[in-house]
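Peer 1: Next up is a structure, given as structure tokens.
The values are calculated or read from the model by the stated rules, or taken from the named source; none is laboratory data. Bear in mind the structure is a predicted one, so any value in this text is a computation, not a measurement. In this analysis, Cβ positions are derived from the backbone assuming ideal geometry, glycine residues included, and neighbour counts consider all displayed protein chains.
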Amino acid sequence: MAAGCILYYVTDRRAFPGDEASRRKSLLAKIAEATSAGVDYIQLREKDLSTRELESLAREAIRIVGSHADVRHSGIQNERQKGKTSLLINSRTDIAIAAGAAGVHLPGGGLPPAAVREIWKLAKKFSSAGPSAREILPADPVISVACHSPEETVQAAFNGATLTLFAPVFGKPVFEQKDAPGTSAQGVAKLREACGARIPVLALGGVTLENAQSCLMAGASGIAAIRLFQENDIGKVAGKLRAVKD
């Protein structure tokens, strides 16, 4: 697990201007930027794509993450930057395995982490995804879980999640405005309670550079966001968030 402030970028290519080809190009460029900046996790959350399209995008994203990580490591400046960026696929364990991703992000009430690990284990042994995918597939997947209450974070930890995204803290993430219209902001007090779980809890939803400190002071292990990373210079954002944590 990364030291200091854990950074978790959730993608949304539809927020970029232009046609589909332009948005895809912009997203891949942002993924490269995030990797170069040392972001710990990138969640590929492009739920509107077909299985074929999502797998193709995932493979390209993984290639970019790998190539930019190699460049970053060759010019390492400090111990913090040595952590590798992990690409997670939203909901689709099958695509994560086929593409050779580091793991998956699970929605609340979705497939239990233990089930994902069992599927992963079998895939490592018997998968027809191809030798190259099996070779880069980690032995144990990173599993993040969406949580909307302190109780859910405790349950996620009990179920074997690697980390949780607690949301919404200040406001609904862009994707939750459609997916979970009834979910209201939980606030810093609830976040503090949620951070009592035995695994890292990341703050998500309306987090900015101005209010991030309150999340980290409440016990959050890091920050997860779409717009904070996607609409800004990720290197500068990462530097400021890590400075707050330190």
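Peer 1: Going by what's in this entry, would residue 140 be described as at pLDDT below 90, among the acidic types (Asp, Glu), exposed (fewer than 15 other Cβ atoms within 10 Å of the Cβ) and out of contact with any helix residue (DSSP H, G or I) (no Cβ under 6 Å at 6 or more places or on another chain)? Give the steps one after another, and end with the answer.
Peer 2: Values: at pLDDT below 90: no; among the acidic types (Asp, Glu): yes; exposed (fewer than 15 other Cβ atoms within 10 Å of the Cβ): yes; out of contact with any helix residue (DSSP H, G or I) (no Cβ under 6 Å at 6 or more places or on another chain): yes.
No: the conditions fail for residue 140.
Peer 1: In addition: So if I check each of 42, 31, which one is of a type in the set (A, V, I, L, M), crowded, with 22+ Cβ neighbours inside 10 Å and not in a helix (DSSP H, G or I)? Steps first, answer last, please.
Peer 2: On the way: 31 fails: not in a helix (DSSP H, G or I).
After applying the criteria, what remains is 42.
Peer 1: For the stretch 137-173, which positions are of a type outside the set (D, E, K, R), farther than 19 Å from residue 228 by Cα and part of a loop (DSSP other than H, G, I, E, B)?
Peer 2: Within the stretch 137-173, 137, 138, 139, 141, 148, 149, 159, 160, 161, 162 meet the criteria.
Peer 1: Here is a further query. Condition test on residue 69, is it modelled with pLDDT under 95 and surrounded by 14 or more Cβ atoms within 10 Å (Cβ to Cβ)?
Peer 2: Yes.
Peer 1: Given the residues 81, 77, which is the only one that is at pLDDT below 90, out of contact with any Ser or Thr (no Cβ under 7 Å at 6 or more places or on another chain) and closer than 24 Å to residue 201 by Cβ? Outline the logic, then answer.
Peer 2: On the way: 77 fails: closer than 24 Å to residue 201 by Cβ.
Going through 81, 77 in turn, just one is at pLDDT below 90, out of contact with any Ser or Thr (no Cβ under 7 Å at 6 or more places or on another chain) and closer than 24 Å to residue 201 by Cβ: 81.
Peer 1: Further question: Could you grab the pairs with beta carbons closer than 6 Å, sequence gap of 6+ or different chains, first residue in the stretch 160-179 and at pLDDT below 95, second one not in a loop (DSSP other than H, G, I, E, B)?
Peer 2: Partner pairs satisfying both residue conditions: 173/204.
Peer 1: Given the criterion surrounded by 22 or more Cβ atoms within 10 Å (Cβ to Cβ), closer than 20 Å to residue 145 by Cα and of a type outside the set (Gly, Ala, Ser), identify the matching residue among 241, 202.
Peer 2: Just one listed residue meets the conditions, 202.
Peer 1: Can you tell me which residue in the stretch 92-120 is farthest from residue 65 (Cα to Cα), limited to those that are in a loop (DSSP other than H, G, I, E, B) and touching a Leu at 6+ places or on another chain (Cβ under 7 Å)?
Peer 2: Only one residue fits best here, namely 92.
Peer 1: May I ask you to list the residues in the stretch 1-28 that are crowded, with 19+ Cβ neighbours inside 10 Å, outside any loop (DSSP other than H, G, I, E, B) and either within 11 Å of the chain's Cα centre (by Cα) or of a type in the set (Ser, Thr, Tyr) (or both)?
Peer 2: 6, 7, 8, 9, 10
Peer 1: Cβ contacts < 9 Å: first residue under 19 Å from residue 224 (Cα atoms), restricted to the stretch 44-64; second residue acidic (Asp, Glu) and at pLDDT 95 or above, any location; separation 6+ or different chain. Result?
Peer 2: Short answer, once both residue conditions are applied: 45/12; 46/12; 46/53.
Peer 1: Output the number of residues of the stretch 107-124 satisfying the condition of being within 17 Å of the chain's Cα centre (by Cα) and over 18 Å from residue 51 (Cβ atoms).
Peer 2: 2
Peer 1: How many residues does the stretch 189-246 contain that are over 18 Å from residue 43 (Cβ atoms), β-branched (Val, Ile, Thr) and part of a helix (DSSP H, G or I)?
Peer 2: Summing the residues that are over 18 Å from residue 43 (Cβ atoms), β-branched (Val, Ile, Thr) and part of a helix (DSSP H, G or I) in the stretch 189-246 gives 1.
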